[in-house]
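Working notes, structure below.
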Amino acid sequence: ALSQILSDKPYILGQEPTSIDATAYGFLAQLMYTPFEDDVVVYAKSLHNIVAYTNRMRDRYYPSS
């Protein structure tokens with residue numbers, strides 16, 4: 001659902017991140033950046049806009065990571 005809401009926007013509500021993005025990133029980072037893989041992780045990593053979004057949030061707020 002988040003992939004459809006995000007579509008091709010850089011952040012959920014448009015051009016700048018909000019607290020909604022911070023919340024979404026908290027959940028997505030657990031999926032994307034841990035070595036654990038299950039069906040949910042594999043599916044999330046197959047959604048190109050979700051991968052790009054998660055990386056964009058990480059790079060913006062944690063540039064040294």
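Readers should treat all values here as calculations from the given coordinates under stated rules, not as data from a laboratory. A quick note: this is a predicted structure, and the numbers were derived from the prediction, not measured. Every residue, glycine among them, receives a Cβ derived from its backbone with ideal geometry; neighbour counts consider all protein chains shown.
Observations, loosely collected:
- Read-out Rg and Dmax of the Cα atoms in Å, derived from the coordinates shown; its label in [x] 13.5, 42; [y] 11.3, 32; [z] 12.2, 37: [y]
- V41/S64 FRET efficiency (R0 22 Å; Cβ-Cβ; nearest 0.05): 0.35
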